[in-house]
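Remarks on the structure that follows.
The values are calculated or read from the model by the stated rules, or taken from the named source; none is laboratory data. Quantities reported herein were computed from a predicted structural model and do not represent experimental measurements. Using ideal geometry, Cβ is built from the backbone for each residue, glycine included, and neighbour counts are taken over all protein chains shown. Protein only, heavy atoms only, side chains kept; ligands, DNA and RNA dropped before computing areas. Shrake-Rupley method; radii C 1.70, N 1.55, O 1.52, S 1.80 Å.
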Amino acid sequence: MSSSIFVLAETVEEQIKALQDRQALDSQILTEQFYFWTVVIMWLIHAGFMAYEAGAARRKNIMSTAMKNILTIAVVTPTFYYFGWYIYGCMQTGFPTVGPDSLDGHAGPPAFPGFCGLTAPWSEGMGPNLQDHVSLVFFLAFLLFSWTTASIMSGALIERVRLSAFLLLGVMLGSVVWILDAAWGWSSGGWMTTRFGFHDSIASAVVHGVAGAFTLGVLLNLGPRIGKYDVMGRARTFRAHNTHMTLMGLMLIFTGFYGFYAACLVIQSTTFPGWLSIYLSPTTLGTIAMVITFGFAGGFTGGWFASKGDPFWTLSGGLAGVISVSAGADVYHPSLAYLLSFTGGMLCVWVGNWIEKKLRIDDAVGAVAVHGFSGFWGIFLVGIFAGGYPTGINNIESSFGGQLIGILTFVPLGFLSGYVFSWILKKTNLLRVPPEVELEGLDMAEFQQDFYPEFERAPEVIIGPDGEELEAGPILLDGYATVTSGRATTRAGS
């Protein structure tokens, strides 16, 4: 009798274990599918960036602008695989330290022993592995974020940056700089999170702010396009090749943002509430979906009022609005998100005009204002409106001081790295195309063809500081003469 009871108990235990194994496998497969589809949706962000920049460029630079976006994927993907992902896994507590808890001898975050080793390119999790349903799709989600940082920079530099220089800058930003700040402040084991409660749930500053700061550093060395400013320093406006294409590109970016937001969460289908933020704090998918939707609505409204109905800045205001509320998207109420995104949409217009007209920095698409300023505005707002919310595995309360540490860390990290690296490229004469190439157009110089041969090329028009439409030819030639005479003087003096 006792023998049969023992056998029965053993059978029940085996059945329970079998059910638990099936449940675990089902959860892992669901996780794999979830991240896979977020990656698919996020591709729309990069289709959008390509259309956005191509529409903003002049006809003579359209294809070079598009190719820049395509080749971003070509260079950031392998570099992020070979060293970018390792930076995220191994530098969350600072620089890699030796420890017994990691698969490769480096100590990763205490909450995830072995994670550092799993992010190395030679790890068994970074290739075909029937036992690992998470590592590859998690890597791919972060890879798409890396493309985004480089694409943010791309639009600001159009029509005068060398393709090779941009690709080197894209690798530096996409595979080194932003992922280092993500390791520090956008992970459950990052030192900013575990010590100061830094909170940037959907990457206001970690992705957008740092990319904008990096871009600002590059723009200072790159300089404005020929003819952008008159002799009095007043800003002229280059007429976009196709504003409708630019707005359509922005709408594609907005669609891809839903995948971006979703990929920033951790799915746990067998544990309440089923979703965690990047800091492993509880939230829901519906919460962040509401915030992004109200963020767009508030940003559009703010951008519309601040720009007096300008189509470009109205849609850019929507993007700025979402970025402004991304840091607290896991905790904000929709009404609060609407009000805060409204401020983000308005401020980005004013900051963008100030950068262009007062600082005389030629940011072709307003990336520094829309992404850079709004990104840091977003983490600033968390310090005010979400202070006291427990963040991360240590439940450190978020605070204004913790958010300030984030600003003081990420602004110099982004700006100085962008400035120094682009300064080196400038000094080696690798940063900017020659004035003759810029004047002719990058498409003809790089591809030796007009990509609209069936259409007659209309004379280029430039908008003066007072809004008057002017023939661009004489203005550009005058700007070219100024640039080349300055270059000749410099050479003679040297």
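Once the Cα-Cα distance is subtracted from the 0.36 nm per residue extended length, the His244 to Thr284 segment shows a gain of 10.9 nm.
Summarising the label geometry, the points placed 7 Å from Cα in the beta-carbon direction at Gln20 and Val40 lie 3.4 nm from one another.
Distance from the alpha carbon centroid of the stretch 326-368 to that of the stretch 262-284 works out to 28 angstrom.
Summing Lys and Arg as +1 and Asp and Glu as -1 over all other residues whose Cβ lies under 15 Å from the Cβ of Ile202 gives a net charge of -3. Rounded to the nearest 20 debye, the dipole magnitude of the chain is 1340 debye, with +1 charges on Lys and Arg beta carbons, -1 on Asp and Glu beta carbons, and the Cα centre as origin. Across all directions, the average flat footprint of the convex hull enclosing the Cα atoms of the stretch 250-331 is 5.1 nm². Extension gain, Ser164 to Met232: 0.36 nm times the residue separation minus the Cα-Cα distance gives 21.2 nm.
These residues, Trp147, Trp122, go from largest to smallest accessible area, 1.4 Å probe, as Trp122, Trp147. Over the stretch 260-383, the pair-distance histogram of Cα-Cα distances with 5 Å bins from zero comes to 2, 14, 21, 20, 16, 11, 8, 5, 2, 1, 0 percent, rounded to whole numbers. Using a probe of 1.4 Å, the accessible surface attributed to His199 totals some 0 Å² when neighbouring protein chains are kept in position. Within the assembled protein chains, the solvent-accessible surface assigned to Leu180 is about 30 Å², based on a 1.4 Å probe. Over the stretch 178-254, what portion of Cα pair distances is larger than 17 Å, expressed as a whole percent? So the portion of pairs separated by more than 17 Å is 67 percent.
When His333, His241, His208, His133 are compared by accessible surface with a 1.4 Å probe, the order from highest to lowest is His333, His241, His133, His208. For the stretch 240-327, the share of accessible area belonging to carbon and sulfur comes to 71 percent (1.4 Å probe, ligands and nucleic acids excluded).
Both radii come from the Cα set of the stretch 215-293: Rg as radius of gyration, Rh as Kirkwood radius; their ratio Rg/Rh reads 1.26.
What length, rounded to one decimal in nm, is gained on full extension from Asn353 through to Ser269, with 0.36 nm per residue of separation minus their alpha-carbon distance? Let's see the in-between values first.
Working: separation 84, 0.36 × 84 = 30.24 nm, distance 4.63 nm.
Here the segment from Asn353 to Ser269 would lengthen by 25.6 nm.
Of Tyr229, Tyr258, Tyr35, Tyr82, which has the most accessible area with a 1.4 Å probe, and how do the rest follow in descending order? It would help to have the intermediate numbers written out before the result.
Details: Tyr229 40, Tyr258 95, Tyr35 5, Tyr82 145 Å².
The residues order as Tyr82, Tyr258, Tyr229, Tyr35, largest area first.
With all protein chains present, how much of the accessible area of the stretch 412-451 (probe radius 1.4 Å) comes from carbon and sulfur, to the nearest whole percent? About 66 percent, which is the carbon plus sulfur part of the accessible surface.
On a per residue basis, the chain carries 43 Å² of accessible surface, using protein heavy atoms and a 1.4 Å probe.
Under a point-charge model restricted to the Cβ atoms of Lys and Arg (+1) and Asp and Glu (-1), what is the dipole moment magnitude of the stretch 270-362 relative to its Cα centre, in debye to the nearest 20?
Details: 4 positive and 4 negative charges, 48 e Å.
Magnitude of the dipole: close to 220 debye.
Scanning the chain for cysteines with no neighbouring cysteine C-beta under 4.7 angstrom from their C-beta gives Cys264, Cys348.
Panel values: the chain, Kirkwood radius from alpha carbon pairs, Stokes-Einstein at 10 °C and 1.306 mPa s, translational diffusion coefficient 67 µm²/s.
Oblate is the label for the stretch 334-433. Its Cα gyration tensor axes, ordered a ≥ b ≥ c, give a/c of at least 1.5 and b/c at or above a/b. Projected label points at Val12 and Glu471, each 7 Å from Cα along the beta carbon direction, are separated by 9.5 nanometres.
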